[in-house]
Amino acid sequence: MKNSGESGSDLGKRLVAELGTVSPASRINWVVPHADLSFDGQLEWDLPGARLLLNVEIKARSLVSRDDVRRFIGPSAEGIPLVAASFISPAARDELRRWGWSYWDETGNVLIQNRDPFVWVERSGLSRNPNPDETGSNRKLLSLKGQAASVVIVKLLTEGRAPSVRELSRQTEVGVATVSRVLELLRDEDLLKETNGGPVVINDATTLATRWAQDYSFMKTFRSRRYFSLLGEAVARDKLRTATFEYALTGVEAANDFLGSEGRFGALPVSDTWIYTSDRDAAERALQLVADPRGNFLIGECGFLGQEQGRRSGKDFVFAQPWRTVGDLLSTRGRTASVGMDLAESLERARVR
């Protein structure tokens, strides 16, 4: 959509300021294009040894779904295609990334990607629209970060499908209204197959898990805390083997255990012990834990361990369900996130055998 030169100029100034924080020594110019060109503006970004052209498409409304992106997406004849909007949702950002587009929104979400020369700039802003429009979108579920949503997502990832909304509600012990709102969000983001009122079927488990992890995390969703044990790590872990309170290990240790059951070596050495429990106080007493931001015991309190498929038994410990561990790991960064992706791929291979 072509915009006025004034609005394009204002946007250009904000983009110039954003990129200027990435490379203060670089030179950036905002250029209003000729009327016969299809984009709304162009950024000329001179970096050491390279010059990038960013063709900017300005959207007057927020981009909140994959369909919003697909309505305008396409290849760029030259330069780096970049869309700018007041807000771009996690689903829309993921779709733009898949098409090779860059993006920027006024809440601070930024991705500038280019292969040759290689450039990758990524920053995170808001995941929820600060100014929902008047279509009633504010009544919809805006995020998958909650514990109830996580139970529904893990069930769908584990089974791949569910007979109906009511059956999914019964199996997860999550209210029908909440389950419906979770599924509505997943449908809006094209993460469920269209079955014309039939069963609930996911499109692709890894894509769904990756999208879920954009909102969810072991640390934030369950307000996890770090501790060290007065008993020492080895003794505390021995006590965990015979614990009388409900718990389940997750994180790298849980991933390594599952991969080991598949005949594979652990992908990464275990440095921290991640524990779900239904009774944090009991865990603190039994393991003699003391809160410490540098401790290597992470405890998150949850309410799903007693449910069907809430946990699984290993040789020495009890573990969280593998797909929950995938989400826990994917919500991190770096090597632990790669372990989560490795686990997701193993689970998908096991499903199709």
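Below is a table of values for the structure above.
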read-out: Local electrostatic count, Ser331, Cβ distance below 13 Å [Lys/Arg +1, Asp/Glu -1]; value: +3
read-out: Hits among aspartates and glutamates - C-alpha to C-alpha of Lys59 under 13 Å, sequence gap 8 or more where chains match; value: Asp40, Asp68, Asp105, Glu106
read-out: The range 173-190 residues near the modelled Gln307 label - backbone nitrogen below 18 Å, point 7 Å along Cα→Cβ; value: 173-186
read-out: Percent accessible area from carbon and sulfur atoms, the chain, protein chains only, probe 1.4 Å; value: 48
read-out: At R0 = 30 Å, FRET efficiency that the Cβ-Cβ distance of Val201 and Ser338 yields, to 0.05; value: 0.60
read-out: Within straight-line cross-link reach of Lys220, aspartates and glutamates at Cα separation under 13 Å, skipping those fewer than 8 residues along the same chain; value: Glu301, Asp328
read-out: Electrostatic dipole magnitude of the chain [Cβ: Lys, Arg +1; Asp, Glu -1; Cα centre; debye, to 20]; value: 620
read-out: DSSP bridge pairs, the range 48-110: antiparallel proportion in percent, nearest 5; value: 10
read-out: Ala50/Arg351 FRET efficiency (R0 35 Å; Cβ-Cβ; nearest 0.05); value: 0.20
read-out: Net charge contributed by nearby residues that have their C-beta within less than 14 Å of Val270 (K/R +1, D/E -1); value: -4
read-out: The chain: projected area of the alpha-carbon convex hull, averaged over directions, in nm²; value: 21.1
read-out: Within the chain, percent of DSSP bridges classed antiparallel, to nearest 5; value: 70
read-out: Per residue accessible area of the chain, 1.4 Å probe, in Å²; value: 49
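The values are calculated or read from the model by the stated rules, or taken from the named source; none is laboratory data. Fair warning: this is a prediction, and the values are worked out from it, not measured in the lab. Neighbour counts run over all protein chains shown; Cβ positions are idealised from the backbone, glycine included. Only protein heavy atoms, including side chains, enter the accessible area calculation; ligands, DNA and RNA are left aside. Shrake-Rupley method; radii C 1.70, N 1.55, O 1.52, S 1.80 Å.
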